Each structure stands twice: as structure tokens, then as C-alpha cells.
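The values are calculated or read from the model by the stated rules, or taken from the named source; none is laboratory data. In this text, all values refer to a predicted model and were calculated from it rather than measured experimentally. We place every Cβ from the backbone using ideal geometry, glycine too, and count neighbours over all the protein chains shown. Heavy atoms of the whole protein, side chains included, go into the accessibility calculation; ligands, DNA and RNA do not. Shrake-Rupley method; radii C 1.70, N 1.55, O 1.52, S 1.80 Å.
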Amino acid sequence: MPKKRIVVLYGGRADEHPISCISAAGVLRAIDTERFDVVTIGITRSGQWIIDGEDPRAWNLDDGSLPSVEITPSSRPVLLDVSRGADGFVIGDHDELKDPAKGYGTNFVSMADSSDHGVVTPLGHIDGVFPVLHGPYGEDGTLQGLLDMMDVPYVGCGVFASAACMDKHFTKVLLQASGIGVAPWITVDARTIPDDEDARIEAGKRILARIEDAHLQYPLFIKPSRAGSSFGVTKVEHAGDSKELIGAILEAAGHDWKVLVEEGVSGREIECAVLRPSDRDEVATSWPGEVVLDNRGQNDEAFYDFDSKYMDAEASHVEVPAKLPEETLQRVRDMATKAFAAVDGRGLSRVDTFVSEDGSVMVNEINTMPGFTPISMYSKAWEATGIGYTELITTLIDGALR
């Protein structure tokens with residue numbers, strides 16, 4: 001059989017840009033090149049799609065640095081002729097990348113006006129896309145809608161599930177409507193917080209009143225509604241402290257104006273990998289796993305922040321299955337299946353839950369494109385359940401192409 005040509009997309013405009021790069025490096029090193037002809041397309045932080053840049057297969061976090069898609073002397077822009085569908089990926093001149101003012105808009109072109117972009121070269125027919133992208137403009141339904149318009153198959157959830165799960169507020173609304181327990185919360189529009197210091201104190205008092213009316217118990221976690229990888233998350237422990245609360249909201253607002261004020265849940269964070277390669281397949285779940293924090297330092301109440309996840313190799317390790325009774329693990333799997341169905345999931349997701357001491361389960365969030373390195377929870381969970389990393393990648397691509 002001829003190889004299928006698969007685009008692996010990585011980088012992107014979101015805060016999670018470097019994590020996407022590391023996930024893509026893992027995928028590219030493990031993908032079955034006997035089955036797939038891989039085309040690597042990086043997306044810079046400003047949104048330019050490029051080919052022939054730095055080889056992402058060499059990227060890792062061992063030296064403590066965060067990789068980034070950058071324009072190199074050899075890189076060329078990838079332009080999209082949406083009207084040509086899977087044949088609409090074309091390569092432009094390197095000179096197209098020299099004007100940063102052109103930005104994201106230069107990614108779109110019609111073959112009819114291609115002369116405006118110098119010499120363009122068709123990239124050839126693309127059978128499918130594996131968008132190894134995290135966060136806004138990659139995991140939020142925008143890219144999925146573009147690929148749907150081009151009638152190009154892709155790995156992962158569709159437009160609705162991607163958009164709904166990117167927004168933690170609407171994830172909670174959907175899950176609650178399906179009878180699934182979630183942590184109590186309120187949502188704050190950070191755009192309404194004034195610049196004047198005295199006015200901010202009054203705004204903080206109004207939010208504190210909402211917290212009291214909602215009967216939220218401290219500690220609280222303040223987080224951006226549409227961001228991932230623990231960016232902008234702050235733990236607030238002092239009830240009634242308007243200044244602390246406003247400071248945490250503004251920290252989150254640096255990533256998204258929509259901010260969640262969420263009650264801290266007493267329980268273990270247990271994560272379950274979900275797999276449904278195509279709409280024709282049944283939903284499958286892995287053994288649930290747990291990230292165990294090994295290095296809390298001075299603070300026994302530390303939470304799993306960005307550095308713990310990615311930058312400190314001694315901060316944590318993954319245990320799959322989590323050390324819980326099998327009955328509880330099965331309850332997590334059942335809840336993950338139900339949550340995935342509630343948002344109309346497809347392809348893959350990681351459903352993060354809280355398990356209390358009495359074994360009850362509530363859903364924290366759903367990640368439609370979780371970290372995808374060989375040592376990420378998603379891949380480690382499937383490895384422990386009997387599906388290796390390369391097989392997992394192949395299963396997902398084959399499902400998207402069906």
C-alpha cells in the first residue's frame with residue numbers, strides 16, 4: 001500500500017507553544033515511517049506556518065530550555081488555498097517571511113492570485129493532519145474548523161468538543177447538565193476590574209460577596225478559563241482578602257479575560273486517557289494514573305504547576321495504574337467515558353478527575369490534545385493498558401483517515 005502523507009503541525013500561538021514542540025518531537029521520533037510519509041509544519045508564535053525550519057526531532061527539555069518554532073534561513077512559508085482542499089497546501093518564497101507585519105494573514109492564498117506571493121510550489125496531496133497543538137488557535141476548534149472547511153481529515157476532537165473543552169467554564173456547564181459532578185465555581189470577567197487601586201478594592205469586595213453567595217470554600221484556585229499547562233493559576237488561601245484575590249485574578253487575566261474562581265477540592269487528582277479513533281469506534285479508556293509530587297520543598301501544599309510538569313525532572317513521577325482500589329479505578333474509567341460522551345468527543349482526550357477519600361469521583365477538566373510525549377500521562381497510561389506509543393500514534397491516524 002502507498003504511504004499516507006500526514007502533516008504533523010506543532011508550535012502555535014498559545015502559551016503552550018514549547019509543550020507542543022516537545023510533544024511533536026516525541027511523535028516524530030516514534031511515528032511509523034513505513035506507513036506514513038510525514039510532512040512537518042511548524043507554526044511560529046506570531047502564527048506563520050513554515051516548512052524546512054529547525055528539525056523538531058532534536059528537541060527535548062533536558063537542558064532546561066524551552067524550544068520554539070523560529071524562522072531560519074532555510075524555512076519557507078506554507079500557504080493554504082482553502083478552495084483546493086487537501087491539495088491546497090503550497091509553499092511560498094522565503095522572502096514572504098521577512099515582513100512580520102504580514103503576520104498570520106499570509107498563510108492564506110488562492111492559486112489564482114499566487115503571483116502576489118512570488119513562486120509557489122504545491123506541497124502535494126495531504127491525506128491527513130495530526131495537529132499536535134495545545135491551547136488557543138490549535139486545541140480550541142479554530143484549526144479544526146479550518147481543516148473541516150478544507151475537507152482534510154485530522155486527529156482529535158471536532159470543532160464543538162474542542163471549543164467546549166478549551167473553555168473550562170463551558171466544560172463545567174456541559175458536565176453539570178449531564179449529571180457529572182464538578183468543583184463548585186464562579187466565573188469572573190477580568191475586563192471589569194478597574195485600573196484605579198481604590199476602585200479595585202471595591203471590585204474585589206463585590207467578587208468576595210459572589211464567592212460567599214456561592215458558598216465556595218477556601219482554598220480557592222484562580223485560573224484562566226481558556227488556557228492550559230497551569231499557566232496563570234494561583235492558589236488563594238485567605239478568606240476575605242480582597243487584595244490577594246484581585247492579584248490572583250489579574251495574574252490569570254494575563255492569559256484570558258475570563259477567569260474561574262474555583263473551590264479547592266480535597267482529593268487525589270487522577271487522570272484517565274480516553275481513545276475513540278473514529279466516530280465508528282467504541283470509547284476505550286486506559287487504566288487511570290496519578291502524578292505523584294516527589295519534591296514539594298518547603299510547601300507541603302504545593303500544586304502541580306508548570307515547572308513541576310515540565311522543567312523539574314525530580315519534582316514528580318507518573319504512577320499507572322494509580323494506587324487505588326480497582327473498584328475506584330473502574331469508577332474513574334466510567335466517569336471518563338461519560339464525560340467524553342457529554343462533550344461529543346472523538347479521537348483522544350485526557351479526562352482529569354478528583355477522587356475523594358470515600359471513593360467518589362468528580363471531573364476537573366477535559367484535555368482534547370493532552371501532552372503527547374512518550375513520558376506524558378496520556379501515552380504512559382495507554383502503555384500500561386497495553387498500547388505502545390508508536391501503536392497509539394498509528395491507531396489515532398488510522399482512525400482519522402477512516
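If you go through segment 258-315 one residue at a time, how many are assigned to a loop (DSSP other than H, G, I, E, B), of a type in the set (D, E, K, R) and at pLDDT 65 or above?
Selection size over segment 258-315: 5.
Would you confirm whether any residue within segment 191-212 is open to solvent by less than 70 Å² (accessible area, probe 1.4 Å) and under 20 Å from the mean Cα position of the chain (by Cα)?
no
Quick check on my filter: what residues within segment 37-47 are of a type in the set (Ser, Thr, Tyr) and surrounded by 22 or more Cβ atoms within 10 Å (Cβ to Cβ)?
Once the filter is applied, which keeps residues that are of a type in the set (Ser, Thr, Tyr) and surrounded by 22 or more Cβ atoms within 10 Å (Cβ to Cβ), segment 37-47 yields only 44.
What residue, among those in segment 60-93 that are open to solvent by 70 Å² or more (accessible area, probe 1.4 Å), at pLDDT below 95 and within 22 Å of the chain's Cα centre (by Cα), is nearest to residue 6 (Cα to Cα)?
Applying the filter and picking the extreme gives 66.
Would you say residue 228 is modelled with pLDDT under 95 and within 24 Å of residue 332 (Cβ to Cβ)?
yes
Of (1) assigned to a strand (DSSP E or B); (2) under 14 Å from residue 157 (Cβ atoms), residue 399 satisfies all except one. Which?
Of (1) assigned to a strand (DSSP E or B); (2) under 14 Å from residue 157 (Cβ atoms), only one is false for residue 399: (1).
Among the residues of segment 178-208, how many are free of Cβ contacts under 8 Å to residues at least 60 places away in the same chain and within 28 Å of residue 364 (Cα to Cα)?
8
Taking interchain pairs and intrachain pairs at least six residues apart, which have beta carbon atoms under 8 angstrom, with the first residue in segment 49-60 and in a helix (DSSP H, G or I) and the second among the small types (Gly, Ala, Ser) and open to solvent by less than 70 Å² (accessible area, probe 1.4 Å)?
56/24; 56/25; 56/42; 57/25; 58/25
Residues checked against (1) part of a strand (DSSP E or B); (2) without any contact (Cβ under 8 Å) to a residue 40 or more places away in the chain:
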{"position": "33", "(1), (2)": "no, yes"}
{"position": "40", "(1), (2)": "yes, yes"}
{"position": "62", "(1), (2)": "no, yes"}
{"position": "70", "(1), (2)": "no, yes"}
{"position": "74", "(1), (2)": "no, yes"}
{"position": "78", "(1), (2)": "yes, no"}
{"position": "85", "(1), (2)": "no, no"}
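Among the numbered criteria (1) at negative phi; (2) surrounded by fewer than 15 Cβ atoms within 10 Å (Cβ to Cβ), which single criterion is violated by residue 151?
Status for residue 151: all satisfied but (1).
Output the residues belonging to segment 277-290 that are in contact (Cβ under 8 Å) with a residue 60 or more places away in the chain and in contact with an Asp or Glu (Cβ under 7 Å, 6 or more places away or on another chain).
If the condition is that a residue be in contact (Cβ under 8 Å) with a residue 60 or more places away in the chain and in contact with an Asp or Glu (Cβ under 7 Å, 6 or more places away or on another chain), then 277, 288, 289 are the ones that fit.
Looking for whichever is on the phi > 0 side of the Ramachandran plot and charged (D, E, K, R) here; the options are 344, 352. Which one fits?
Going through 344, 352 in turn, the sole match is 344.
Checking the condition modelled with pLDDT of 95 or more, closer than 20 Å to residue 264 by Cα and of a type in the set (Gly, Ala, Ser), which residue from 177, 183, 163 passes?
Just a single option satisfies the conditions, and that option is 183.
Of the numbered conditions (1) assigned to a helix (DSSP H, G or I); (2) free of Cβ contacts under 8 Å to residues at least 24 places away in the same chain, residue 211 fails exactly one; give the number of that condition.
Of the numbered conditions (1) assigned to a helix (DSSP H, G or I); (2) free of Cβ contacts under 8 Å to residues at least 24 places away in the same chain, the odd one out for residue 211 is (2).
Would you confirm whether or not segment 22-36 contains a residue that is within 15 Å of residue 370 (Cβ to Cβ), open to solvent by 10 Å² or more (accessible area, probe 1.4 Å) and out of contact with any Asp or Glu (no Cβ under 8 Å at 6 or more places or on another chain)?
Checking segment 22-36: at least one residue is within 15 Å of residue 370 (Cβ to Cβ), open to solvent by 10 Å² or more (accessible area, probe 1.4 Å) and out of contact with any Asp or Glu (no Cβ under 8 Å at 6 or more places or on another chain).
Do you know which of the residues in segment 378-400 that are of a type in the set (Ser, Thr, Tyr) and open to solvent by 30 Å² or more (accessible area, probe 1.4 Å) is farthest from residue 285 (Cα to Cα)?
390
Checking residue 358 against (1) surrounded by fewer than 22 Cβ atoms within 10 Å (Cβ to Cβ); (2) out of contact with any Phe, Trp or Tyr (no Cβ under 6 Å at 6 or more places or on another chain); (3) part of a helix (DSSP H, G or I), which single condition isn't satisfied?
Evaluating residue 358 over (1) surrounded by fewer than 22 Cβ atoms within 10 Å (Cβ to Cβ); (2) out of contact with any Phe, Trp or Tyr (no Cβ under 6 Å at 6 or more places or on another chain); (3) part of a helix (DSSP H, G or I) leaves (3) as the failure.
Only residues that are open to solvent by 10 Å² or more (accessible area, probe 1.4 Å) and either within 21 Å of the chain's Cα centre (by Cα) or hydroxyl-bearing (Ser, Thr, Tyr) (or both): list them for segment 321-348, please.
Within segment 321-348, 328, 333, 335, 337, 338, 341, 342, 344, 346 meet the criteria.
Exactly one condition in (1) part of a loop (DSSP other than H, G, I, E, B); (2) modelled with pLDDT under 75; (3) not polar (S, T, N, Q) is not met by residue 105; state its number.
Only one criterion is unmet by residue 105, namely (1).
Looking at segment 154-173, which of its residues are assigned to a helix (DSSP H, G or I), open to solvent by 10 Å² or more (accessible area, probe 1.4 Å) and either touching a Cys at 6+ places or on another chain (Cβ under 8 Å) or more than 20 Å from residue 339 (Cα to Cα) (or both)?
165
Only residues that are under 30 Å from residue 324 (Cβ atoms), over 19 Å from the mean Cα position of the chain (by Cα) and small (Gly, Ala, Ser): list them for segment 221-270, please.
264, 266, 267 - these are the residues of segment 221-270 that are under 30 Å from residue 324 (Cβ atoms), over 19 Å from the mean Cα position of the chain (by Cα) and small (Gly, Ala, Ser).
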